[in-house]
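Throughout, read-outs are computed from the coordinates displayed, never taken from laboratory work. As the structure is a computational prediction, the values presented were derived from the model and not from experiment. Neighbour counts are summed over all protein chains in view; Cβ atoms, including those assigned to glycine, are modelled from backbone coordinates with ideal geometry.
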Amino acid sequence: MICLFAVLAAGARAQSVPDHVDITWMSIANMHFGVGERQIVADGYITRLPEDLFFGGGGVDSTKRAMRPDAAAVREVFDAIGGKSAVNLLLTGHNHFDHSFDTATWAKLSGARVIGSPTTCLQVRAEKIPASRCRAVLGGETIELGVGIHMYVVRWNHSGDPTRNPAQHNPLELLHVPKATAGGLRAGVAEDFPNGGGNRAYLFTVDGPAGPLSWFFQDSASPVDLRAPIVLGGRNYGAPLDNLAAAMRAAGVDSVDLWIATGGVDVANLVLPVLKPRAYLPVHWDGLYGAFKAGPPAPYSDEPLERLLADARIALIKPAQYMDKWRLDRTGIHALDNNAVKALLGLH
């Protein structure tokens, strides 16, 4: 099914097709994609909720009290990356607190529109973002982000498994706008922040003047059921790997330049034969609770995955610090100097 997000594309026809995308890892699975006039924040969780807030089930099912986003921390990052000129679209992959807790705050600061699951739209409405500013996607949509910039929504799954942590893993959408109390929303995955029907992954392609560019962003995954259909409310949304293959066919690609992902070697063993990426950027390896300005608690390391990528001759792009930045163009992916932004945020 082909859909046009008309408001996003308005005026873009006068713009030339970009020849590169700039990619910034902002921490956890929080990304910034700068592609021509389209400036995208995906997930964008800057608030750090304390670990002792959570309890029950898989450890994050419930919370002891409602919480509000750290609006000052989000604003500091928003200003450091360029303010409104640097954010004109917000995406959520899924809706656990470490992905969508700050989405409404970004929306308030930027005025940007939001794309995500139905749960995304209900969550931002709870924080007074009008329903008209959020588009709910179910998977299978093609959204035009500007001249030559295409985004394919892939219905995906969440990490874990049905027996070990069902509230975290099993597809679940909110049915109503969550009721904010004086303290905000309840951040548990069995409370106001379920995963949003599993997950949404995003395949991007750009019809660049020197040739096409492509990348796939996925902020969670479970090897347990990547081949199994996602069924919610009696509706079959397809198996994640089948959905990815369908999106690639729709995009007219049989491989991508870059895979931005989490899930480790077990997920990679399943995805690599379908996606065939030329490079891999790992995200969501740095924990959930450490202070943003402290940076990653330890260097990235995943020896089994690194061996698999090396054997497949896939370049591993190792992030080292929050706000690391790269440029993807027809010659490959290259590190960019982002020290000015890091200095503004106290990152070393």
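The table below lists the values:
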{"quantity": "Estimated dipole of segment 232-326 in Debye, rounded to 20 [Cβ of Lys and Arg +1, of Asp and Glu -1, Cα centre]", "calculated": "260"}
{"quantity": "Computed lengthening from Arg307 to Arg227, 0.36 nm per intervening residue step minus Cα-Cα distance", "calculated": "26.4 nm"}
{"quantity": "Of Leu258, Val283, Pro297, farthest towards positive along the dipole that unit charges on Lys, Arg, Asp, Glu beta carbons give segment 249-308", "calculated": "Leu258"}
{"quantity": "Residue-by-residue Karplus 3J(HN,Hα) for segment 178-194, coefficients 6.51, -1.76, 1.60, Hz, glycine and proline x", "calculated": "x, 8, 6, 9, 4, x, x, 10, 8, 8, x, 6, 9, 10, 8, 10, x"}
{"quantity": "Karplus-derived HN-Hα couplings along segment 148-157 (A = 6.51, B = -1.76, C = 1.60, θ = phi - 60°), whole Hz, x at Gly and Pro", "calculated": "x, 10, 10, 10, 10, 8, 10, 5, 9, 10"}
{"quantity": "Charge dipole (the chain, unit charges on Cβ, about Cα centre) - positive-most of Cys121, Pro212, Gly148", "calculated": "Cys121"}
{"quantity": "Potential extension, Ala340-Arg327 segment - 0.36 nm per residue separation minus Cα distance", "calculated": "3.0 nm"}
{"quantity": "The chain: relative contact order as a whole-number percent, Cα under 8 Å and 6+ apart", "calculated": "19"}
{"quantity": "Under 5 Å, built H, 5+ apart or other chain: amide partners of Asp219", "calculated": "none"}
{"quantity": "Linear extension gain, Asp242 paired with Ser85, 0.36 nm per residue minus alpha-carbon span", "calculated": "52.9 nm"}
{"quantity": "Among Val17, Pro178, Ile230 - extreme Cα towards positive end, dipole of segment 6-344, charges at beta-carbon", "calculated": "Pro178"}
{"quantity": "Antiparallel bridges, percent of DSSP beta bridges restricted to segment 1-154 (to nearest 5)", "calculated": "65"}
{"quantity": "Size of electric dipole in segment 4-134: Cβ of Lys, Arg +1 and of Asp, Glu -1, about Cα centre, debye, nearest 20", "calculated": "580"}
{"quantity": "Within the chain, percent of DSSP bridges classed antiparallel, to nearest 5", "calculated": "70"}
{"quantity": "Packing-based ranking, highest mean first, of 308-319, 34-45, 206-217, 248-259 given that Cβ atoms within 10 Å are counted", "calculated": "34-45, 206-217, 248-259, 308-319"}
{"quantity": "Charged-residue dipole, Cβ positions (Lys, Arg, Asp, Glu), the chain about Cα centre, Debye nearest 20", "calculated": "800"}
